[in-house]
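The values are calculated or read from the model by the stated rules, or taken from the named source; none is laboratory data. Just so it is clear, the model here is predicted, and its values are computed rather than measured. No Cβ is skipped: glycine too gets one built from the backbone with ideal geometry, and neighbour counts run over all protein chains shown. Ligands, DNA and RNA are excluded from the accessible area calculation, which covers all protein heavy atoms including side chains. Shrake-Rupley method; radii C 1.70, N 1.55, O 1.52, S 1.80 Å.
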Amino acid sequence: MTLLLLIAAGFAAGWVDAVVGGGGLLQLPAMLMIPGITPVQALATNKLGSIFGTTTSAITYARRVKPAMGTALPMAVAALLSSYGGAVVAASLPERIILPLILLALIGVGVFTAVKPHVGQLEKLRHVGMGHLARAVTIGMIVGFYDGVLGPGTGTFLVIALVTVLGYNFLNSSAQAKVVNVATNLGALLYFAPAGHVFLGLGLVLGAANMAGGYLGARMAIAKGSKFIRVVFLVVVFVLVLKLGYDVAVDLFF
């Protein structure tokens, strides 16, 4: 039953990740139900499963949407390096300080997106040249580091940044986010795998489920466009706020 639950969670996580990111919110809690697994082992194995799904959805998007690779690739390189660094310090970073900040940021962007219905519907780039590239690389470094340390919501944060900071629409932002997310998963795995934290068999099973969910999610997002992605985005942000709010409350009061 636990394995079936993990496969279902992996499929759902792949679908959510492909549309707007945040699939780790489903997959990580399911993995922590495995008797005896440690948080770092769950995080590391989650990266292995997720990289199959993000790669599948990235290829699907690249073939059909033609994302701005001139932005996505520099972001991906920066994200890979910073994700490795985040994985190195994952065991020692004070999570109780970071989670409240993430919660506040999510509430802010969720409210902003809800009250600005046209944000992300049309593509209107806000920066050009080196200014655009510098902001893209900075986004990759910050979100990549977060993915190495914690993980859930990485794709969501990438979409947020690409829409609000750089001015891409939701569809192009989701396509670029998948490319960067492959790099963040790979960067963390470059540390976690040699350190022996990855459960290979479980990671491959999750990977197969993620691939199926990622393919279907990407096809659906491409077919339905930015309005559909915006709705899913708001739902995922709402669930992330509830989950992180609960974690912060437990940490502060219990």
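Could you list all residues from region 228-254 that are touching a Phe, Trp or Tyr at 6+ places or on another chain (Cβ under 8 Å) and either β-branched (Val, Ile, Thr) or over 22 Å from ASN185 (Cα atoms) (or both)?
ILE229, ARG230
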Please tell me if VAL40 is under 17 Å from the mean Cα position of the chain (by Cα) and in contact (Cβ under 8 Å) with a residue 40 or more places away in the chain.
no
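Give region 209-220 a look and list any residue that's of a type in the set (A, V, I, L, M, F, W, C) and surrounded by fewer than 17 Cβ atoms within 10 Å (Cβ to Cβ), or say none. Break it down into steps so the answer makes sense when it comes.
The first filter runs over region 209-220 and keeps only residues of a type in the set (A, V, I, L, M, F, W, C), leaving 209, 211-212, 216, 218, 220.
Of everything in region 209-220, just one residue is of a type in the set (A, V, I, L, M, F, W, C) and surrounded by fewer than 17 Cβ atoms within 10 Å (Cβ to Cβ), namely MET220.
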Residue ID - modelled with the highest pLDDT, chosen from residues in region 131-177 that are touching a Pro at 6+ places or on another chain (Cβ under 8 Å) and closer than 21 Å to ASN210 by Cβ:
GLN176
Restricting attention to region 152-162, which residues are open to solvent by less than 10 Å² (accessible area, probe 1.4 Å) and either under 8 Å from the mean Cα position of the chain (by Cα) or under 17 Å from LEU189 (Cβ atoms) (or both)?
GLY153, THR154, GLY155, THR156, LEU158
Candidate set from region 226-245 (those that are more than 23 Å from VAL65 (Cα to Cα) and among the β-branched types (Val, Ile, Thr)); member that is modelled with the highest pLDDT
VAL235
Can you name every residue in region 1-30 that is touching a Lys or Arg at 6+ places or on another chain (Cβ under 9 Å), in a loop (DSSP other than H, G, I, E, B) and not β-branched (Val, Ile, Thr)?
GLY21
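Sort out which residues of region 31-78 are surrounded by fewer than 20 Cβ atoms within 10 Å (Cβ to Cβ) and assigned to a helix (DSSP H, G or I), and write them in order of number.
Looking only at region 31-78, we keep the residues that are surrounded by fewer than 20 Cβ atoms within 10 Å (Cβ to Cβ), and these are 32-41, 59, 62-66, 69-70, 73-74, 77.
Correct list: PRO39, VAL40, GLN41, ILE59, ALA62, ARG63, ARG64, MET69, GLY70, LEU73, PRO74, VAL77.
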Enumeration of residues in region 163-190 that are among the hydroxyl-bearing types (Ser, Thr, Tyr) and surrounded by fewer than 24 Cβ atoms within 10 Å (Cβ to Cβ):
THR164
Enumerate the pairs (first residue in region 229-250 and within 18 Å of ASP17 (Cβ to Cβ) and of a type in the set (A, V, I, L, M, F, W, C); second residue anywhere and open to solvent by 20 Å² or more (accessible area, probe 1.4 Å) and not in a helix (DSSP H, G or I)) with beta-carbon separation below 9 Å, excluding pairs fewer than 6 apart on the same chain, so at least 6 apart or on different chains.
ILE229/ASN169; LEU240/PRO152; LEU244/PRO152
Checking the conditions here, which among VAL239, VAL235, VAL231 is open to solvent by 40 Å² or more (accessible area, probe 1.4 Å), in contact with a Leu (Cβ under 7 Å, 6 or more places away or on another chain) and closer than 19 Å to LEU26 by Cα?
VAL239
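Considering ALA249, ALA223, ALA193, which residue is modelled with pLDDT under 85, open to solvent by 30 Å² or more (accessible area, probe 1.4 Å) and small (Gly, Ala, Ser)? Before you say what the answer is, go through the steps one by one.
Working: ALA223 fails: modelled with pLDDT under 85; ALA193 fails: modelled with pLDDT under 85.
Exactly one of ALA249, ALA223, ALA193 is modelled with pLDDT under 85, open to solvent by 30 Å² or more (accessible area, probe 1.4 Å) and small (Gly, Ala, Ser), namely ALA249.
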